[in-house]
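Have a look at the structure below, then the notes.
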Amino acid sequence: MLDHIDTSLIDWSRAQFALTAIYHWIFVPLTLGLAVIMGIMETVYYRTKDVFWKRTAQFWMKLFGINFAVGVATGLILEFEFGTNWSNYSWFVGDIFGAPLAIEGILAFFMEATFIAVMFFGWDKVSRRFHLASTWLTGIGATLSAWWILVANAWMQNPVGMRFNPDTARNEMVDFLAVATSPMAVNKFFHAVLSGWVLGAVFVVGVGCWYLWKKRESRFAISSIRVGACVGLAAAVLSAWTGDGSAYQVAQKQPMKLAAMEGLYEGEKGAGLVALGILNPDKQTSDDGERPFLFRMEIPKMLSLLAERKADAFVPGINDLLQGGYTLQDGSVALSAQEKITRGKAAISAFADYRMAKESGDERLAEESARVLEENMPYFGYGYIKDVNELVPDVPLTFYMFRIMVVLGGYFILFFALVLFFAYKKNLARAHWLQWVAMWTIPLGYLAGQAGWVVAECGRQPWTIQDMLPTCAAISKLEVGSVQTTFFLFLILFTIMLVAEVRIMLKAIRKGPELS
């Protein structure tokens with residue numbers, strides 16, 4: 001059915017979208033984090049009327065504005081790519097996926113655009129109370145933008161609240177609340193936003209420590225560091241909690257992703273969580289002769305506890321998910337991947353028969369085909385899979401990126417706690433080693449966020465929409481050369497934008513806050 005599709009077109013289309021998403025996520029989390037921190041600083045100014053806090057908030061607002069502008073540009077390109085590179089996807093689920101994107105554009109974006117103007121230009125034109133409200137509403141607008149984008153992404157991970165209409169060949173929304181408030185969406189939203197707060201806090205603490213390192217603006221630096229570290233510690237702790245909720249949702253809705261995250265090939269009861277491990281590069285699916293790890297240290301029963309909330313629960317591995325036969329929570333027996341592929345092909349065939357029957361006016365055949373289609377629709381996407389091994393994501397990439405994210409999450413908790421201890425109990429201005437650590441922690445904040453998205457997106461391959469539409473069936477019919485050309489054009493463009501943003505921000509930081 002899809003033999004005519006050039007696999008390099010799929011790879012280049014994925015690469016272009018990944019490139020845009022990676023660059024976009026460089027700017028988004030810092031926007032979310034700085035919005036909260038500058039809001040707190042202006043609130044202190046409003047309550048104390050101390051002009052120092054006004055100038056402090058204005059400094060971080062300047063960096064927020066620089067970052068925000070570039071983030072908007074990359075975000076617009078990202079949304080356009082759904083239509084240019086993934087037109088089959090957009091047609092198939094546009095009625096559902098388009099709704100949160102439209103709300104994001106109409107409500108959140110215009111909310112940000114309105115109040116950000118007041119925030120930057122209204123200091124002497126509106127009351128202090130109204131200006132404070134505008135600052136917080138700018139941050140709320142940015143957060144609402146993230147909410148609707150993450151709702152759309154969560155729906156791709158766990159499609160709910162929809163029905164396939166064979167007459168239009170599209171999935172249509174039947175329950176907006178199910179889409180907007182699914183557990184996957186709620187957990188993803190809080191985890192992603194909190195990670196942005198962590199990055200914003202890391203950024204503020206790191207920049208503040210640079211001023212201490214240079215022996216400049218000590219009061220500004222210490223005050224900023226205290227606010228940033230308080231926000232960062234709270235966000236890092238809450239991020240760990242929401243991460244647990246996200247992992248539970250993955251276990252329930254995307255068990256293959258969980259198995260890849262843990263390098264788990266053979267399922268077991270009371271499965272342990274791998275704390276540290278080195279995967280065996282020679283390990284292949286269903287290869288019983290090779291052990292999956294060269295080295296590993298695990299926490300006994302922890303994976304079962306996290307995945308099923310029971311210490312002795314069975315957690316399926318990669319081979320179990322491919323071979324089926326194990327008992328699910330509802331008492332039914334899991335289908336094998338090959339059985340799902342067979343049922344998926346039956347769904348695709350029934351859909352074709354339905355369309356043909358409708359055109360010929362054969363209502364009996366149309367009714368029978370619709371029944372077969374509805375029975376097998378949950379496996380529709382599997383009908384495009386040629387080899388069961390395509391259902392296994394890149395295990396090493398998912399495994400190691402997950403651990404980078406988790407290890408850095410634990411590091412941030414310790415880091416912020418240590419910074420707060422020195423900021424309140426010791427003399428942070430003399431702790432040059434901690435200032436150096438804080439400055440080098442800034443890139444780690446970006447790394448943690450990117451690692452999380454690699455796990456989320458690469459871990460669900462080959463699916464564009466989980467179990468419903470693989471990437472091979474979602475792409476547009478384009479020339480490979482055109483995708484390659486635009487890939488490198490975007491790479492150059494985004495890199496120039498990033499370099500320009502960094503240079504402007506560094507210039508603003510070197511100039512320092514206008515506290516006089």
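State all residues of the range 257-282 that are surrounded by fewer than 19 Cβ atoms within 10 Å (Cβ to Cβ) and among the β-branched types (V, I, T); if no residue qualifies, say none. I278 - this is the single residue of the range 257-282 that is surrounded by fewer than 19 Cβ atoms within 10 Å (Cβ to Cβ) and among the β-branched types (V, I, T). Within the range 48-69, residues that are in contact (Cβ under 8 Å) with a residue 40 or more places away in the chain and farther than 15 Å from H131 by Cβ sit with their Cβ atoms under 8 Å from residues that are open to solvent by 50 Å² or more (accessible area, probe 1.4 Å) and charged (D, E, K, R), at 6+ positions apart or across chains, in these pairs: F52/R219; F59/E514. Entry remark, the range 69-93: residues being of a type outside the set (D, E, K, R) and within 20 Å of W147 (Cβ to Cβ) number 8 in total. In the range 40-63, the residue that is most open to solvent (accessible area, probe 1.4 Å) out of those that are within 19 Å of W197 (Cβ to Cβ) and either in contact with a strand residue (DSSP E or B) (Cβ under 8 Å, 6 or more places away or on another chain) or not hydrophobic (A, V, I, L, M, F, W, C) (or both) is T43.
Taking the criterion of being in contact with an Asp or Glu (Cβ under 6 Å, 6 or more places away or on another chain) and among the charged types (D, E, K, R), the residues of the range 241-298 that qualify are K269, D282, K283, E290. The single condition among (1) farther than 20 Å from L30 by Cα; (2) open to solvent by 60 Å² or more (accessible area, probe 1.4 Å); (3) not in a loop (DSSP other than H, G, I, E, B) that L506 does not satisfy is (1).
For the range 276-286, the condition holds for at least one residue, the condition being that it is hydroxyl-bearing (S, T, Y) and in contact (Cβ under 8 Å) with a residue 40 or more places away in the chain.
Comparison of I66, I37, I22 shows that the only residue that is β-branched (V, I, T), part of a helix (DSSP H, G or I) and open to solvent by less than 20 Å² (accessible area, probe 1.4 Å) is I37.
Among the residues of the range 70-102, those that are without any contact (Cβ under 8 Å) to a residue 12 or more places away in the chain and over 18 Å from I26 (Cα atoms) comprise F80, G83, S90, G98, A102.
When the residues of the range 468-514 are narrowed to those that are more than 30 Å from K345 (Cβ to Cβ) and of a type in the set (D, E, K, R), which ends up modelled with the lowest pLDDT? Can you show your working first?
Restricting attention to the range 468-514, the residues satisfying the condition of being more than 30 Å from K345 (Cβ to Cβ) are 481-482, 484-514.
After this cut, where a residue has to be of a type in the set (D, E, K, R) as well, the list is 501, 503, 507, 510-511, 514.
Working: E501: 91, R503: 94, K507: 94, R510: 93, K511: 92, E514: 78.
Taking the candidates together, the pick is E514.
Using the structure shown, decide if A347 is over 21 Å from P393 (Cβ atoms), modelled with pLDDT under 95, in contact with a Pro (Cβ under 9 Å, 6 or more places away or on another chain) and of a type in the set (A, V, I, L, M). Yes, satisfied.
I'm trying to understand the selection: among the residues of the range 301-319, which are open to solvent by less than 30 Å² (accessible area, probe 1.4 Å), free of Cβ contacts under 8 Å to residues at least 60 places away in the same chain and assigned to a helix (DSSP H, G or I)? L303, S304, N319 - these are the residues of the range 301-319 that are open to solvent by less than 30 Å² (accessible area, probe 1.4 Å), free of Cβ contacts under 8 Å to residues at least 60 places away in the same chain and assigned to a helix (DSSP H, G or I). Of all residues in the range 123-141, those that are farther than 14 Å from Y45 by Cα have Cβ atoms under 7 Å from Cβ atoms of residues that are surrounded by fewer than 17 Cβ atoms within 10 Å (Cβ to Cβ), 6 or more apart or on another chain, in S134/G122. If you check L238 against the conditions, is it at pLDDT 90 or above and open to solvent by 60 Å² or more (accessible area, probe 1.4 Å)? Yes, satisfied.
Only residues that are of a type in the set (A, V, I, L, M) and closer than 19 Å to Q466 by Cβ were counted across the range 311-346, and they come to 9.
Scanning the range 217-268 for residues that are of a type in the set (A, V, I, L, M, F, W, C) and not in a helix (DSSP H, G or I) returns a single hit, L264.
The values are calculated or read from the model by the stated rules, or taken from the named source; none is laboratory data. Here the structure is a predicted model, which means the values were calculated and not measured. Cβ: placed from backbone, ideal geometry, glycine included. Neighbour counts: every protein chain shown. With ligands, DNA and RNA removed, areas are computed over all heavy atoms of the protein, side chains included. Shrake-Rupley method; radii C 1.70, N 1.55, O 1.52, S 1.80 Å.
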